[in-house]
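Each remark here refers to the structure printed beneath this line.
The values are calculated or read from the model by the stated rules, or taken from the named source; none is laboratory data. Here the structure is a predicted model, which means the values were calculated and not measured. Every residue, glycine as well, gets a Cβ built from its backbone with ideal geometry; the counts of neighbours run over all protein chains shown. All accessible areas refer to the heavy atoms of the entire protein, side chains included, with ligands and DNA or RNA removed. Shrake-Rupley method; radii C 1.70, N 1.55, O 1.52, S 1.80 Å.
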Amino acid sequence: MDFESAKLRVEQLVEQLNIHNYNYYVLDKPVISDYEFDVLLKELSDLENQYPQLLMSHSPTQRVGGDIIKSFVQVKHKSPMLSLANTYSEEELKDFDNRIRKLLPNLDFDYVCELKYDGVAIGLTYVNGELQQAVTRGDGIQGDDVTANVRTIKSIPLKLKGDYPDEFEIRGEIILPHAGFEKMNAERLEMGEDAFANPRNAASGSLKMQDSKEVARRPLDCFLYFLLGDNLPFSSHYENLIKAREWGFKIPNYIVKCNRIEEVFDFINFWDEARKDLPFDIDGIVIKVNDYHLWQELGFTAKSPRWAISYKFKAERVATTLLSVDFQVGRTGAVTPVANLKPVQLAGTVVKRASLHNSDFISNMDIRLGDTVFVEKGGEIIPKIVGVDESKRGNEMFPFSFIENCPECGSKLFRKDGEAAYYCLNENECPPQIKGKLHHFIHRKAMNIDSLGEGKIEVLFDNKLVKSIADLYDLDYQNLIGLEKTLISDEGKSKTISFRQKTVENILKGIDASKNIGFERLLFALGIRFVGETVAKKLAFHYKNIDNLMMATYDDLITVDEIGDKIAESLLAHFKEAKNIEIIERLKTKALQFEMPENTGANLSNKLQGASFVVSGVFEKYSRDEIKKLIELNGGKNVGSISSKTNYVLAGDKMGPEKRNKAEELNIPIITEADFIAMIGE
Ligand code: IVH
């Protein structure tokens, strides 16, 4: 396709696809299938690859993320992001209404009632209809610039439609709906990671991730509830919100204008019940005076506006009997006490089990078997015990003690300094820990052996075929064919896993293919505590092979970018264990990739040929190791200290004053990361 036709087609596709995104993510009413959408998106992406100059910042292909944010830049809010005064009582809400009526005598005015979305506050600035910046609340005065991450949220328009003001800010809440939250937690558990306690924590954690590609995978959503700007179309809140809906924002339908406080109470009472059926969490109702002129008259206290208040719902709480306590061992070896309760109805479900947190909680609360306990379901998925009704305590109720040995493998439990949890340290012999390691190893982001998912690890473990990740590479057809297991889910459904010919062939193929997975992912797959994906990458990049890493001392490890105390100690402890060394040695004999590929000579360019660099400080776009690698890949040389032979000092944040003085003394150019990027033409 020639350039002119491509330009027309790209414009058409961007517009069409943005409308489909809007239909799907904002209106929840898709008009084409996912497949049809993907075909159009692929066509657009191909054209953009062919003609990069046609790439527009609001193109839907730009929603997938890709920017890595090393540390978020702090941005001052144009106007402070205030919080709201809270109340839990109808009385106080009546006082709020009376106070306003006293300040505005003889005035007829409206309130706007909205849901109080339980997520993370965000301020979005639009200039000439394009999303320019997204900033978190932070301390209310300044927050983090999370624009790259927010651009991946599909319900947030990158470009507006209609008659929007030239420049304005819109504030709202980034939330994670229940369905997405449950899916995400299931994945985390499968990876041996801790589950998020509630959707709010998950949304907030997602927004602060460094890799926007990963944020793009999280099913975040955003409801907008507040506009700021000099040229807003109306002088009232409700009307502006309804207008903003026309510009493409997700303004929920659950907002009403009320004239009397009684109507506000009706709204509250309705949602106190109906919130149980919402697909996302709310924790109350926000009541705002509608007219902006009245906002001016009512003004602010130090922390919050006088023209608004939030009415918070009480967490639902019931009393029931504590029958017994189980101790569960997680994949990290942490032992959690779980209460078995006399079944009781709570927030629409029957609760039989609840978390007892840890041993300190049990002793501080003096919880005893047979006690009447209070159970609450706040924002968390797992109900928790929040107290004991001591008035119901009889003589027969005795304190119980926390177990001393692991209920799964019998080994003695330990408590680490500064941690509330007890741990089973027998990581290579304790069944849930072994299975956890195996699940982590085969995960999509690690060795990606998906043919072993869905319960097959359990079958292998039960049949004593695998006890460590190294055993996977000893499996053969004869071991596997004919194995079978029937699993019963929590809901009582049964499912049989059978290892037939095709299944076995796929498993063996998957295991074999995993031998080509690169060193950084293999290192992550080993499941060393605190060595997540990013840390594994840094270590692989720095040490090049497992032997260098295994020999590294504490002092050496902590000089690596982003490796601190905790990670260094965890690595040393891991490589001290004979069992772990044995696993690595066995995996080496199976030809897994314990080494970064040699630089094949396929340099990116010769732009830095012959130039020597001293790299110092912290950088924004790349890590120090990545910069050093880029220097090499473009023909340059890294040197450790500044001398008269050094050609450039590449200075990031926090470069020491001695280096700067030395460079100035020797007249060596000090360049920034941006200068460097320009030099290599990235
Ligand atoms: S209005 C000056 N409306 O609640 C008023 N806030 O405690 C600005 N929130 O920081 C806030 N739903 O994160 C407003 N419909 C809603 C809200 C809402 C949730 C959050 C927001 C704010 C906090 C206030």
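Sorted by packing (mean other beta-carbon atoms within 10 Å per residue), highest first, where do 542-554, 442-454 land?
442-454, 542-554
Return a whole-number percent for the relative contact order of the chain, with Cα pairs under 8 Å and 6 or more residues apart as the contact set.
Values: 1163 pairs, mean separation 61.8, N = 682.
It rounds to 9 percent for the chain.
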- Query: Given a 1.4 Å probe and the protein chains all in place, what does the accessible area of Met365 round to, in Å² to the nearest 10?
  - Reply: 60
- Item | Sequence-distant aspartates and glutamates (8 or more away, or on other chains) whose Cα lies within less than 18 Å of Lys509 | Asp450, Glu454, Asp471, Asp474, Asp476
- Accessible surface of segment 1-80 [probe 1.4 Å, protein heavy atoms]: carbon and sulfur percent: 56
- What is the distance in Å between the Cα centres of segment 570-634 and segment 299-374? 46
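Heavy-atom accessible area per residue, the chain, 1.4 Å probe: how many Å²? It would help to have the intermediate numbers written out before the result.
Values: 34390 Å² over 682 residues.
Accessible area per residue: 50 Å².
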- Message: Suppose a student asked you for the relative contact order of segment 412-502, using Cα pairs under 8 Å spaced at least 6 residues apart; what percent would you report?
- Response: 17
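Taking the alpha carbon gyration tensor of the chain, what are the square roots of 5 times its eigenvalues, largest first, to the nearest whole Å?
On the way: eigenvalues 394, 323, 143 Å².
For the chain, the semi-axes come out at 44, 40, 27 Å.
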- Across all directions of projection, what mean area in square nanometres is found for the Cα convex hull of segment 352-469? 10.6
- Wrap a convex hull around the Cα atoms of segment 397-554, take a quarter of its surface area, and give that in square nanometres. 13.3
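So, with a 1.4 angstrom probe, what is the percent of accessible area on segment 465-575 that is carbon and sulfur? If you can, show how the numbers build up before the last one.
On the way: 2820 of 5700 Å².
Percent of accessible area from carbon and sulfur atoms in segment 465-575: 49.
Work out, step by step, the length gained on full extension between Val127 and Asn667: first 0.36 nm times the residue separation, then minus their alpha carbon distance; give nm to one decimal.
Fully extending the segment from Val127 to Asn667 adds 190.1 nm.
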- Query: Any idea how far the Cα center of segment 121-150 sits from the one of segment 524-569, in Å?
  - Reply: 34
- Message: Compute the orientation-averaged projected area for segment 605-682 from the convex hull of its Cα atoms and round it to one decimal in nm².
- Response: 4.5
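Counting helices only, and only those DSSP H runs with n ≥ 4, report the 222 nm mean residue ellipticity of the chain as the sum of -39,500 (n - 2.57) divided by its residues, in deg cm²/dmol to the nearest 500.
Details: 24 runs with 235 residues, N = 682.
Taken over the chain, the calculation gives -10000 deg cm²/dmol.
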- Task: With a cut-off of 14 Å, note down the residues of segment 555-580 whose backbone N falls inside the zone around a label point 7 Å from the Cα of Asp417 toward its beta carbon.
- Result: 565-566, 569-570
- Task: Under 4.7 Å Cβ to Cβ, no partner at all: give me those cysteines from the chain, in residue order.
- Result: Cys113, Cys222, Cys258
- Expected field for Asp139, accessible surface area in Å² at 1.4 Å probe radius, rounded to 10, holds 100
- Going from most exposed to least, what order do Glu658, Glu182 have by accessible area with a 1.4 Å probe? Glu658, Glu182
- Message: Could you tell me the center-to-center distance, by alpha carbons, between segment 76-103 and segment 33-52 in angstrom?
- Response: 48
- Task: Give the ranking of Lys579, Lys412 by solvent-accessible surface, highest area first, calculated with a 1.4 Å probe.
- Result: Lys412, Lys579
- Message: Please compare each pair in Lys456/Lys493; Lys154/Lys288; Lys213/Lys628 to a cut-off of 22 Å on the Cα-Cα distance and tell me which ones are over it.
- Response: Lys154/Lys288; Lys213/Lys628
- Query: Once you have the alpha carbon radius of gyration of segment 425-493, what is it after dividing by 2.2 N^0.38 Å, with N set to its residue count?
  - Reply: 1.14
- For Ser5, tell me the accessible area in Å² from a 1.4 Å probe, rounded to the nearest 10. 50
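Sort Glu520, Glu598 from largest to smallest accessible area, using a 1.4 Å probe on the heavy atoms of the protein chains. Please list the in-between numbers first.
Working: Glu520 60, Glu598 140 Å².
Putting Glu520, Glu598 in descending order of accessible area: Glu598, Glu520.
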